[in-house]
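The values are calculated or read from the model by the stated rules, or taken from the named source; none is laboratory data. Please read these numbers as outputs of a predicted model, since none were measured by experiment. A quick note on method: Cβ atoms are made from the backbone with ideal geometry, for glycine too, and the neighbour counts reach across all protein chains shown. Accessible surface areas use protein heavy atoms only, side chains included; no ligands, DNA or RNA. Shrake-Rupley method; radii C 1.70, N 1.55, O 1.52, S 1.80 Å.
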Amino acid sequence: MDLVRERAVRAALFAHLDSVAAIADSREMPWDQTGSFTFAGERFTVRQERGRGINKPKNLEAALSITTAYTPVGQRPPYDDPVGVDGFQRYHYEGSDPEHFTNRALRACFTYSLPLVYFVGVARALYAAIYPIYVVADDPKKAEVTLSSIEISTDANIDPVMRQYAQTLTRRRIHQSLFRADVLRAYESQCAICRIRHRTLLDAAHIIPDSRPEGDPVVPNGIALCKIHHRAYDANYIGIRPDGQVRVRADILDEHDGPMLRHGFQEMHGVQMLTPRREEQRPDPLRLEERFAEFLDASQAGSN
Ligand SMILES: [Zn+2]
């Protein structure tokens, strides 16, 4: 196997996906923009045409990507790729024959430490691209491999601190990539403050910022907000009380300006935020309380 070439194609693919993500301002990628890419004058298939599967481009020896299909809410996934008892994400072979060419191509990623892209369906024809992902173990008996964001041995003798770090990092990378989709789905693609319904204008805002240890990328720490309300929430122009009532900073309530300030901010003062139907997806009141205290502090400290 030409490992230099295999690695060069992967590095180019990650750079290509970085640029797609930068344009879209998201790691969620439309299916029609990730079919293939060109490197050194050669075209490579980036992912499977079908919803789920292992992609081994015909001009490479090892798999370049794996995909988990989008499953509409309430439907059972055709395959279940669970987290193993060791805390690492698993991915099932295609079928049960370990010698099938796609499964061999996936095993080659393990043998030669070649990173790949993990596409996870987050909505119809929309996929989160998680990369680099390493195959760190192969279990032909169970017909599955183990995935990790960093190269690490899953050997039982490995330093437990390092193992814990790899598990946490992998989970975080996967969850971060899925956070926006999970939050937008919970809020049915609507800003929780102004109700605007255009997905391209929406973000998944963190209640507790992800730079802090308790700022997990989980739905109860998220709120779907349009871009302007997201910025305003992060900058403490707007606060959300633990009971879900929206508050606008006093000096902004007193300001005189155009329609955006009037309708977008002043009229939002006192409205009840929109919350997800499912209770376990609603904002965590303790996190809201902690965050609202910061809003009050910032309000007292004055405007900027
Ligand atoms: Zn809004």
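Restricting 220, 213 to residues that are under 24 Å from residue 275 (Cα atoms), away from the ligand (no atom under 14 Å from the Cβ) and open to solvent by 20 Å² or more (accessible area, probe 1.4 Å) narrows the list to 220.
Among the residues of region 230-241, at least one is touching a strand residue (DSSP E or B) at 6+ places or on another chain (Cβ under 6 Å), open to solvent by 10 Å² or more (accessible area, probe 1.4 Å) and within 15 Å of the ligand (Cβ to nearest atom).
Can you pull out every residue in region 117-127 that is modelled with pLDDT of 85 or more and either under 9 Å from residue 31 (Cα atoms) or buried (at least 23 other Cβ atoms within 10 Å of the Cβ) (or both)? Scanning region 117-127 gives 117, 118, 119, 127. For region 284-298, the criterion of being assigned by TED's automatic domain parsing to the domain that holds residue 235, in contact with a Leu (Cβ under 7 Å, 6 or more places away or on another chain) and of a type outside the set (A, V, I, L, M) is satisfied by no residue at all. Output the residues belonging to region 133-161 that are more than 30 Å from residue 189 (Cβ to Cβ) and not in a loop (DSSP other than H, G, I, E, B). Scanning region 133-161 gives 134, 135, 136, 137, 138, 139, 144, 145, 146, 148, 160, 161. Cβ-Cβ distances below 7 Å connect no pair with a first residue in region 222-235 that is farther than 19 Å from residue 177 by Cβ, a second residue that is of a type in the set (Asp, Glu) and surrounded by fewer than 22 Cβ atoms within 10 Å (Cβ to Cβ), and a separation of six or more residues or different chains.
Matching residues to (1) outside any loop (DSSP other than H, G, I, E, B); (2) loosely packed, with under 13 Cβ neighbours inside 10 Å; (3) modelled with pLDDT of 95 or more:
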| site | (1), (2), (3) |
| --- | --- |
| 265 | yes, no, yes |
| 274 | no, no, yes |
| 277 | no, yes, no |
| 288 | yes, no, yes |
| 291 | yes, no, yes |
| 295 | yes, no, yes |
| 300 | yes, yes, no |
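One residue stands out among those in region 154-176 that are open to solvent by 20 Å² or more (accessible area, probe 1.4 Å) and under 21 Å from residue 121 (Cα atoms): the one that is nearest to the ligand (Cβ to nearest atom), which is 176.
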